[in-house]
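A short write-up of the structure that comes next.
The values are calculated or read from the model by the stated rules, or taken from the named source; none is laboratory data. Being a predicted model, the structure only gives us computed values, none of them experimental. All Cβ positions, glycine included, derive from the backbone under ideal geometry; neighbour counts span all protein chains shown.
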Amino acid sequence: MFYGAVVWDPWLIVAQIVCLQCLYYLTLGTFMWILVGSRVSRVSLVYFFDFASVSGSTVTGSCVISSFILTALGGAFYLLYLIERAKKCLDFSATIYIVHLLICILYGGWPASITWWIVNAAGIAVMALLGEYLCIRRELHEIPITRFRSSE
């Protein structure tokens, strides 16, 4: 992607948001299946969207917390490959978690657990900061320039 002329493309932004949101839940589902699936007989949407399942007082709740944090780490790499700009990482990270909050409110009501808020705040911080770090590292790579010399 070329960054010279800034063109506002709302369809690209919406496509990136949808893509990131899908990858977020796919990754979360994978980690839930690995970590929580070994503890419970059936993984359901309760573990994704119900604030009561995010608890540090049970082993299953700790596995849910670990799934959310590991998903945030994966999300940083998605930002690196889909967004590619450090200055946009916070915007897209916040959008993912705001959409997640809205889905959680629709599913189980307003999250009343302080643990849920801490886990999601940590998730957005990890995703945004690591995503920015990775994007900055990529942006600072030298551009290889090959020189062709004429034989004159």
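Among the residues of region 69-79, none qualifies, meaning not one is surrounded by 15 or more Cβ atoms within 10 Å (Cβ to Cβ) and in contact (Cβ under 8 Å) with a residue 60 or more places away in the chain.
Answer with yes or no whether Trp110 is in a helix (DSSP H, G or I) and within 19 Å of Tyr47 (Cβ to Cβ). It would help to see each step written out before you state the result.
Numbers: in a helix (DSSP H, G or I): no; within 19 Å of Tyr47 (Cβ to Cβ): yes.
Answer is no for this residue.
Restricting the search to region 80-92, which residues are in contact with an Asp or Glu (Cβ under 9 Å, 6 or more places away or on another chain) and buried (at least 20 other Cβ atoms within 10 Å of the Cβ)? Selection gives Ile83, Ala86, Cys89. The requirement of being of a type in the set (Ser, Thr, Tyr) and farther than 18 Å from Gly29 by Cβ is not satisfied by Tyr78. No other residue among Thr115, Thr95 is surrounded by fewer than 19 Cβ atoms within 10 Å (Cβ to Cβ) and closer than 21 Å to Cys19 by Cα apart from Thr95.
For the structure I just gave you, tell me whether Ile96 is within 19 Å of Ile13 (Cβ to Cβ), in contact (Cβ under 8 Å) with a residue 24 or more places away in the chain, in a helix (DSSP H, G or I) and within 11 Å of the chain's Cα centre (by Cα). Write out each step before concluding.
Values: within 19 Å of Ile13 (Cβ to Cβ): yes; in contact (Cβ under 8 Å) with a residue 24 or more places away in the chain: yes; in a helix (DSSP H, G or I): yes; within 11 Å of the chain's Cα centre (by Cα): yes.
Against the criterion (within 19 Å of Ile13 (Cβ to Cβ), in contact (Cβ under 8 Å) with a residue 24 or more places away in the chain, in a helix (DSSP H, G or I) and within 11 Å of the chain's Cα centre (by Cα)), Ile96 qualifies.
Report the residue count in region 38-52 for those that are in a loop (DSSP other than H, G, I, E, B) and touching a helix residue (DSSP H, G or I) at 6+ places or on another chain (Cβ under 9 Å). If you could, list the steps in order and put the result at the bottom.
Start the filter on region 38-52 by keeping residues that are in a loop (DSSP other than H, G, I, E, B), which leaves 38-45, 50.
Right, trim to touching a helix residue (DSSP H, G or I) at 6+ places or on another chain (Cβ under 9 Å) and you get 38-40, 43, 45, 50.
Residues in region 38-52 being in a loop (DSSP other than H, G, I, E, B) and touching a helix residue (DSSP H, G or I) at 6+ places or on another chain (Cβ under 9 Å): 6 in total.
Which one is modelled with the lowest pLDDT among residues in region 5-46 that are farther than 13 Å from Leu70 by Cβ, of a type in the set (S, T, N, Q) and surrounded by 14 or more Cβ atoms within 10 Å (Cβ to Cβ)? Among those residues, the one meeting the criterion is Gln16.
Among the residues of region 47-68, the one identified as surrounded by fewer than 16 Cβ atoms within 10 Å (Cβ to Cβ) and in contact (Cβ under 8 Å) with a residue 60 or more places away in the chain is Ala52. Being among the hydroxyl-bearing types (Ser, Thr, Tyr) and either closer than 18 Å to Gln21 by Cα or outside any helix (DSSP H, G or I) (or both) is a property that holds for Thr71.
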